[in-house]
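**Q** Mind having a look at this structure? Questions to follow.
Derivation of every value follows stated rules applied to the coordinates shown; laboratory data play no part. This one's a predicted model, so the numbers in the text were calculated from it and none came from an experiment. Cβ sites come from the backbone with ideal geometry, for glycine too, and all protein chains shown count toward neighbours.
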Amino acid sequence: MAKDAELVIAGGGLNGMLLAVACAGAGLATIVIDRQDPAAMTGDRFDGRTSAIAYGSRLVFDGIGLWSAIADEAEPILEIRVADDDSPLFLHYDHRDLGGNAPLGYIVENRVLRRALFDRAATLPSLKLLAPGAVSEMQASDTGAVVMLADGTRLRTRLVAAADGQNSPLRRAAGIGTVEWRYAQTGIVTTVQHEHPHGGVAIEHFLPAGPFAILPMTGNRSSIVWTENADLTPHLLALPDAEFARELRMRFGDFLGAVEPVGPRWSYPLALMQAERYAGQRLALVGEAAHVIHPIAGQGLNIGIRDIAALAEIVVDARRLGLDIGDASLLERYERWRRSDALLLAAVTDGLNRLFSNTIAPVKVVRDVGLAIVNSVPPLKRLLMQHAMGLLGDRPRLARGEPL
Ligand SMILES: Cc1cc2nc3c(=O)[nH]c(=O)nc-3n(C[C@H](O)[C@H](O)[C@H](O)COP(=O)(O)OP(=O)(O)OC[C@H]3O[C@@H](n4cnc5c(N)ncnc54)[C@H](O)[C@@H]3O)c2cc1C
């Protein structure tokens with residue numbers, strides 16, 4: 001079958017654009033389609049989130065040569081403190097415990113990541129961006145796939161990547177089922193300015209409604225991910241500025257001096273979703289099209305970045321060998337490589353959220369003792385730190401900081 005691109009990616013969110021830049025950067029003829037206008041997606045009012053980028057994910061950006069465009073606006077995470085409500089027991093991760101200089105990760109504004117990806121995309125001759133545009137369906141056969149857009153355009157290709165998010169239309173059309181549920185919690189996100197420097201310390205403070213995270217940003221700023229009962233969220237979001245600031249300060253505390261919200265308030269419904277398969281005929285699911293987890297550990301995008309590193313390596317290697325990049329055996333390999341990592345993190349984040357978001361006294365005792373035990377067993381602590389940094393397991397070349 002004659003083709004318009006070797007790889008067509010539905011969805012130009014962070015995962016779709018990362019896959020596009022990685023593959024097109026290695027010479028693959030790639031087309032990305034997104035419903036939204038890139039000018040809006042890279043604007044200040046599109047997404048208020050920051051991402052905790054694990055050190056292993058930073059290596060992926062290194063591998064595709066993009067970290068230098070992000071580094072100046074990335075705040076290194078040097079320590080993480082985990083505390084349970086008013087308990088004196090806590091868990092403390094320090095990057096120095098691992099013996100090197102590498103930080104545990106970085107906090108980067110999503111808009112910074114998006115801009116770096118779109119800027120790089122514009123320089124790659126083998127990458128074409130069709131946005132705004134919508135994928136309506138695909139048809140696959142032994143010889144190739146055809147992707148249909150809402151405006152009637154037909155694109156012939158070898159492989160389609162569904163990076164079209166949690167409600168992935170392509171996943172549904174392929175008949176791939178999911179296991180999913182909504183949490184009765186919402187993630188309220190905003191930025192605060194504080195009097196004293198944060199010193200690169202990220203804080204996860206477990207409150208009865210859910211985790212309240214204080215994530216160090218550049219300057220004397222922190223990003224707040226405030227997990228709250230979904231029922232209460234509309235009221236909090238509608239509060240006048242002074243009252244919202246008071247509610248926020250009650251949870252934040254005064255350890256960084258005076259604290260002032262400085263950005264808009266954003267809210268995100270929270271869910272867990274696992275696709276039953278990560279591949280269909282000539283179709284690979286990546287990022288939130290394949291899995292959505294609670295943001296309690298700041299790992300959702302990091303799992304997606306590892307999907308991209310694995311899929312890009314499989315596809316680029318196959319192409320160099322002259323193989324069909326949409327072949328079922330390659331897609332099976334991708335699914336085997338990625339599924340256990342994503343399932344493990346779904347289970348861990350769901351379990352942590354259930355364990356900490358309640359006020360049952362015996363449960364509180366058990367979890368606080370658990371925190372203290374992990375804190376006092378250095379080899380266990382180091383193992384957990386390396387896992388959270390994405391440095392364990394069978395890592396693709398990009399996730400080791402090597403080019404494709
Ligand atoms: C409050 C909160 C905090 C978080 N913090 C962290 C963190 O600190 N660290 C971390 O690792 N992760 C974090 N995450 C998770 C992370 O934000 C997501 O995993 C990530 O943004 C998902 O990106 P994606 O590209 O897979 O999906 P999306 O961002 O949903 O992108 C999907 C894209 O597909 C497009 N699309 C959909 N359908 C079509 C179609 N038919 N045709 C064309 N285009 C289509 C959409 O327009 C969209 O642009 C957090 C999540 C939340 C809710």
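**Q** With a sphere of radius 12 Å drawn around the Cβ of residue 256, what net charge do the other residues whose Cβ falls strictly inside it have (Lys, Arg +1; Asp, Glu -1)?
**A** Net of charged neighbours comes to -1.
**Q** Let me have the relative contact order for the chain, percent, based on Cα pairs under 8 Å that are six or more residues apart.
**A** It comes to 23 percent, rounded to a whole number.
**Q** Counting DSSP beta bridges in the chain, what percent are antiparallel, to the nearest 5?
**A** Bridges in the chain that DSSP calls antiparallel: roughly 75 percent.
**Q** Under 16 Å Cα-Cα from residue 3, which lysines qualify once same-chain neighbours fewer than 8 residues away are excluded?
**A** Of all the lysines, those that pass the test against residue 3 - Cα under 16 Å, at least 8 places apart if same chain - are 128.
**Q** Give me, ordered by chain and number, the residues 5 or more places off residue 36 or on other chains with an amide H under 5 Å from its own placed amide H.
**A** The answer is 133.
**Q** As an exercise, take the mean of 1/r over every pair of distinct alpha carbons in segment 297-404, invert it, and state the Kirkwood radius in angstroms.
**A** Hydrodynamic radius (Kirkwood, Cα only) of segment 297-404 equals 16.3 Å.
**Q** For segment 33-75, what D do you get in µm² per second when you plug the Kirkwood radius from alpha-carbon pairs into Stokes-Einstein at 4 °C and 1.567 mPa s?
**A** Roughly 106 µm²/s, to the nearest whole number.
**Q** Could you work out the relative contact order of segment 60-200? I mean the mean sequence separation of Cα pairs under 8 Å and 6+ apart, divided by the number of residues, in percent.
**A** Answer for segment 60-200 is 17 percent.
**Q** Additional query: Test of understanding: what is the full-extension gain from residue 87 to residue 229, defined as 0.36 nm times their sequence separation minus their Cα-Cα distance? Provide the component values of the computation, followed by the final result.
**A** On the way: separation 142, 0.36 × 142 = 51.12 nm, distance 2.15 nm.
My answer for the length gained is 49.0 nm.
**Q** What angle, in degrees between 0 and 90 and rounded to the nearest 10, separates the Cα long axis of helix 378-388 from the longest principal axis of the Cα atoms of the chain?
**A** 40
**Q** In a shell of Cβ-Cβ distance under 12 Å around residue 218, excluding residue 218 itself, what net charge do Lys and Arg (+1) and Asp and Glu (-1) give? The partial results should precede the final answer.
**A** On the way: positive: 221; negative: 72, 73, 75, 109.
Once positives and negatives cancel, what remains is -3.
**Q** Can you list the GluC sites (Glu not before Pro) in segment 253-333 that are in a DSSP coil and have 14 or fewer other beta carbons within 10 angstrom?
**A** Answer by residue number: 276.
**Q** By how many degrees, 0 to 90 and rounded to 10, does the Cα axis of helix 300-320 deviate from the longest principal axis of the chain?
**A** Once rounded, the angle reads 20 degrees.
**Q** Just to confirm a number: summing +1 for Lys and Arg and -1 for Asp and Glu over residues other than residue 232 whose beta-carbon lies under 13 angstrom from that of residue 232, what do you get?
**A** Spelling it out: positives minus negatives among the neighbours equals -2.
**Q** For the chain, find the longest principal axis of its Cα atoms and tell me its angle to the long axis of helix 361-376, 0 to 90°, nearest 10.
**A** With both axes taken from Cα atoms, the answer is about 80 degrees.
**Q** Let me ask you something else. Could you tell me which chymotrypsin sites (Phe, Trp or Tyr not before Pro) in segment 229-338 are loop residues by DSSP with no more than 16 other beta carbons within 10 angstrom of their beta carbon?
**A** Those satisfying the criteria are 255.
**Q** Regarding segment 342-404, what whole-number volume in Å³ per residue does the convex hull of its Cα atoms give?
**A** Spread over its residues, the Cα hull of segment 342-404 gives 91 Å³ apiece.
**Q** Can I ask one more? Hey, what's the Kirkwood Rh for the chain if you take every pair of different alpha carbons, in angstrom?
**A** Values: mean 1/r = 0.0457 Å⁻¹.
For the chain, inverting the mean 1/r across all distinct Cα pairs yields 21.9 Å.
**Q** For segment 147-259, calculate the relative contact order in percent as a whole number, restricting contacts to Cα pairs under 8 Å that are 6 or more residues apart.
**A** 23
**Q** Taking every alpha carbon pair in segment 116-202, what does the distance histogram look like in 10 angstrom bins from 0, in percent?
**A** Per 10 Å bin, starting at 0, the Cα pair percentages come out as 11, 28, 25, 20, 11, 3, 0.
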